[in-house]
Structures are given as structure tokens and as C-alpha cells.
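What follows is one structure encoded as C-alpha cells, with my remarks underneath.
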Amino acid sequence: MTPPPNGADHGLPRVVRDTLPLALDVAVQVAALNGVCIRPIEVRRFDTCTGRTEPFDLPCATTNEAKCPPCAQRNKQLRKAQCREGWHLDVEPVTEPHPATDDQKWLIEFRADVQARRDAAERDGQDTTDWDEAIAGIDAEINAAGMRGNLTGRTTARRSRSTRRRQDTPDLPRRARCNTTLGRTFTAPDGTVFRPSLFVTLTLPSYGKIRPGQGVPVDPAAYDYARAARDALHFSKLVDRFVQNLRRVAGYDVQYFATVEPQKRFAPHLHMAIRGTLPRTEIKAIAAATYHQVWWPPVDDVKFEGEHLPVWTERAEPYPDGQAGDYLDPVTGELLPTWDQALDHLDADDQAEPLHVIRFGAQVDVQGLLAGSTDAHRRIGYLTKYLTKSLGDTLDLDQDDNEAAPTRAVINQARRDHATRLIEALRYEPCSPTCANWLRYGIQPKGAKAGMVPGRCRGKAHKPEHLGYAGRRVLVSRKWSNKALRDHKADRRAWVLDMLGLPDNVETDPHRYIWRPVTAKDPTRTPLPVRLLRGVANRQRTRARLDELRARAEGRPLPDLSATSALGVAA
Ligand SMILES: [Zn+2]
Ligand SMILES: [Zn+2]
């Protein structure tokens, strides 16, 4: 977790340098204790009016991912607020996209700038890891700023045509469509209006009998790890299909706030707060009818493994598909089909079967709730409970699993073994079209590059902390509330600025500042410990002033401030 000391330290005497990892460790702990991001992305802001350059630290990506613990914690608080906001909305949310704020504009410009530099670095044959990391961070900020649609200049090339097969629409009843996102209300004889809503939990099928309370298979040899791995990899697509089918049946523009959480057996499952209500039997019928087909080339036939692996060969000139070379069979000298060719082949084959078909399990839980009830409040806590953890962070039993210590140790070991087997099942499973594992089955991954080795894909899905699920952890429909996560941050920011008696100046000239990323190789980069402690100092100053004001403003209602460190209130 501790990042390595960065390049700027190499000018220091050895004695000082040797003590740095320790200093960094301490700085990380202090930052974490203060709720300050421990993996900040360093940028510089050049002010074209004053000619001054100021350092800034963007918090690490905070939208959907538990990147660093303080950011994850803060993000969880914001998500709670967002969930609460939309569940029982009684007026239609504003559907016009907000005009881009200046904040958003600079993010876009900054993103474009960084992308250009990244591409230049790539052209010069330099390592682009730092740039990609910075871009991912900025993308997260942009998403958090509530912007929709795609930005140009993604880091990976997009496929120019779609060969995806049509997915059949399941045979389900449909209601006449009405143009609303609000659920029905019911009025009691005394005039009280009830606004019912739903809390739905959807689970994947069984892969084998599980020991109750432990989450481990009774018979690991009989447990279908291969299927569990594929289901986890494609779970997010199944959720998309469920939402589409739900909207078809419901007849109104159903809005939801959902989280993907690990079950005790490590399979992902979905909790979904739905605005409005439908009969339980209908939700169950929709879940039962929902499926997703994965139209990828077959992987039954292992063509390359061990020492016998495809070999990379440079092309005389890169093709329009952007590949600088191809993989070939070292024995026959034949080029492996590219990803596009493999998909074309699949399309042309009338007998072809999908690589995988994923469905939900029979266990579908549907609860009806009423606006403002304690049950509804409790579900919000439930929805966001594990957001600070990755799927694979839940290996050990919870403290509230009432087991004696020796038994607990045995169970926890069994759980680790279970996770290891799942990771093993994911090792050679293609996680995406760009996965290096395609080489094992004789196909060049999409956008193939030199150095790809099957079994060593660096995709998130293969990693122990993700256990096959690399999708978003929080899924919020577009018209859930009037507010994007960024607006919830802005609410708190405005409140704090007001409390501090500071003006809420929004810089009106979007061209005033020029933002530049600072890479790990930049010799003038601020050492990470210094940046962390700077963050802590800013936060403490803000806190001290807040406490002062809090003491003065007695009786004034205080919002939940646990999420305030994303503020730009640095003194
Ligand atoms: Zn962070
Ligand atoms: Zn992969």
C-alpha cells in the first residue's frame, strides 16, 4: 500500500534517503488519521494573471472505487447522502443536463492536455503508466462532476463496428408507458399519502453446497469455480439487462440506486433501492427471465501454454487498427487471427454458441418499504455498508460472526483457500477483449501489444481484491436525484465556506489557469511525505476554524461533516 519514494529524493544524501521510507510511512498514517487522501495526484496550476505556479493535490479517484481508505470513507458518506436524496423523491428531477460549470470545463481541458502529453510520451516510446494513472484520476473527477457521455481521446482504441449478436428480449408483460420517474402513491381515507418503494437483492446461482455461516464449499472439488469466475466477470452486464427489462415491464422510467457487494461465498450480488413499487411476483418474474449472452470466441481449445507461446512480430507499419505488430505461432509461422477477425469468424458461424450465458439465481429478495420509515433508513446504511472494501477484502469472517477464536482461525483459512481457488479459476479466463489470455486460445487480444503473456493479464478482474468483478460498485440511474455526487460535495463546501465567512468565488475565466500534471519522473516533484503533511496541515487549519465557528454558532443545525475533506478550502 505504501507508495515507493519518488524520483525527487535521489539528490539527497544516502543517510537521509534511507530514513525516507520510514518518514513516508509516518506521513501516510498521519494523513489517514486526518482523513486526508494518501494517494494524491500532484498537479500544478499556472495562473496566467499573476504568473504564479501553485501546487495542488487531487484526491485519488473517489467515485466508485475504494482507492485509498480516507477517500473511500469520504466517498461512502457522500453516497449515503445521494441514496437518501433520491429514493422517495416526490417531484420529477430536473432532467436537463446542467451547463458545464467552470470547474467541469477546466477538468475537460486539463484532461485533453494530459491526454496529449500521454500520447506524445507513447510516441517517444516512453512509459505511460504515470500519465494513465493521472488520466484515470481526472476521469474519476469528471465523472464525479456529473458529466455524461464519452470524452474523446480514450487511452484504448474503440472498435469501429459492432459484431455483438442481438440479445433476445425475454417474454414479459408490459405496462403502458407513462412519462414519469416517480412511483405511485396511495392515499388513505384520512388523507395520508403513502409513497411505497422497493429494496431488491439479486444473487447469482449456486455453484455447489456452501457451509452455512462460513461461505466455503462443503466439497471444493464439486464446486463450479469456472462458472463462478465467468459469472463474476460478466455480472455487470446481467445487471444492465435486469434494469432494461425492469423498465420495459414497469411502464415508467424506473430510477434506482444500487451497489454490488460480495456475498460471504465471494460471489457478487446486487442491492437495489428502487423508486416506486411493483408487485413482488413481477420483480421475481423479471429476474427469472433476465439473462446475458457473452458473444466472445470459444476458449475450449488451449492452443498455447507453457513454453509454447505465440511470438510477437513488428509490422512494417502500424495498421489502422493501431496495432504495431502481430502474434504468430512460432512453429508454423502463421499469424494468429486478430480480435476483429475472430469476431468476424464468430459472426459468420451459424452454429456458434455464446461463450457464456449468465443468469440470476433463484434467490430473489424483494422488500416493500415506505418513505421516511426506519426500515428505509436502515436499508441506506445497508446499501453503503461495504463500499470502503473491495470484494476480496472480506476474506475473514466479520467480528459479529460469533465463532470461538480457534474455530474462527480454521474457517478463515478455509475462506482464504476458497478465494485462492477462485483466483486460480480466473487466471486463464479472458476478462475482456484486451485480455492477454486470448493468446492461450490462439487469438490476438484486441489492441495486442508486445510482451503479452497468457496468465499474466494485469486486468483488475484477475486480482485477489476484485475476485472477478471489475465493474462499478455503485450504480445510480441518471434521474435518481437532482444531484450528482459532485453536487453533494458542493453542498458541504458551500456550507463550510459560509461558516468560515469566506466568499464562494467561482473563477469565471476558464482560461485563467493552466493545469499540468506532475509525473513520477519530474525532478521538481514534491516528495510524497511533504504533500501528505501539507494536506494534513490544510485539513487541521480548516477543522480548527470550524470548531471555533461551531462553538459560536450554537443551536445552528450542522450537516454531516464527515465528508468535508474534499473541499477546496485549503488556506
Ligand atoms: Zn485518496
Ligand atoms: Zn484479463
Practice task
Determine whether Asp365 is charged (D, E, K, R), part of a strand (DSSP E or B) and either within 30 Å of Gly208 (Cα to Cα) or open to solvent by 60 Å² or more (accessible area, probe 1.4 Å) (or both).
Solution key: yes
Problem - Tally, over segment 246-283, of residues that are out of contact with any His (no Cβ under 8 Å at 6 or more places or on another chain), polar (S, T, N, Q) and open to solvent by 10 Å² or more (accessible area, probe 1.4 Å) - result: 2
Handout entry: Those residues of segment 321-349 which are of a type in the set (Ser, Thr, Tyr) and free of Cβ contacts under 8 Å to residues at least 12 places away in the same chain, in sequence order
Key = Thr332
Practice task
State which residue is nearest to ligand 2 (Cβ to nearest atom) when the search covers only segment 423-446 and only residues that are in contact with a strand residue (DSSP E or B) (Cβ under 8 Å, 6 or more places away or on another chain) and of a type outside the set (A, V, I, L, M).
Solution key: Arg440
Handout entry: Search result, residues across segment 419-473 that are aliphatic (A, V, I, L, M) and either touching a Cys at 6+ places or on another chain (Cβ under 6 Å) or within 16 Å of ligand 1 (Cβ to nearest atom) (or both)
Key = Ala436, Ala461
Handout entry: Filter result (part of a helix (DSSP H, G or I) and among the aliphatic types (A, V, I, L, M)) within segment 368-394
Key = Ala376, Ile380, Leu383, Leu391
Handout entry: Within segment 204-236, tally of residues that are buried (at least 20 other Cβ atoms within 10 Å of the Cβ), hydrophobic (A, V, I, L, M, F, W, C) and in contact with a helix residue (DSSP H, G or I) (Cβ under 8 Å, 6 or more places away or on another chain)
Key = 6
Practice task
Working only within segment 319-360, note down all residues that are surrounded by fewer than 16 Cβ atoms within 10 Å (Cβ to Cβ) and within 30 Å of Leu202 (Cβ to Cβ).
Solution key: Ala352, Glu353, Val357
Practice task
Out of the residues in segment 403-438 that are of a type in the set (A, V, I, L, M, F, W, C) and outside any helix (DSSP H, G or I), state the one that is nearest to the chain's Cα centre (by Cα).
Solution key: Cys431
Handout entry: Scan of segment 284-293 for residues that are surrounded by 17 or more Cβ atoms within 10 Å (Cβ to Cβ) and either among the aliphatic types (A, V, I, L, M) or in contact with a Leu (Cβ under 6 Å, 6 or more places away or on another chain) (or both), ordered by number
Key = Ala285, Ile286, Ala287, Ala289, His292
Exercise for the section: Look at Arg478 and say whether it is open to solvent by 30 Å² or more (accessible area, probe 1.4 Å), within 26 Å of Val243 (Cβ to Cβ) and in contact with a Lys or Arg (Cβ under 8 Å, 6 or more places away or on another chain). Expected result: yes
Problem - Single match in Cys71, Cys60, Cys83 (criterion: at pLDDT 80 or above and within 15 Å of ligand 1 (Cβ to nearest atom)) - result: Cys71
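The values are calculated or read from the model by the stated rules, or taken from the named source; none is laboratory data. All figures in this text were calculated on a predicted structure; none of them were measured in a lab. FYI the Cβ positions are ideal-geometry reconstructions off the backbone, even for glycines, and counts take in every protein chain you see. Each accessible area value is taken on the protein alone, full model and side chains, heavy atoms only, with ligands, DNA and RNA left out. Shrake-Rupley method; radii C 1.70, N 1.55, O 1.52, S 1.80 Å.
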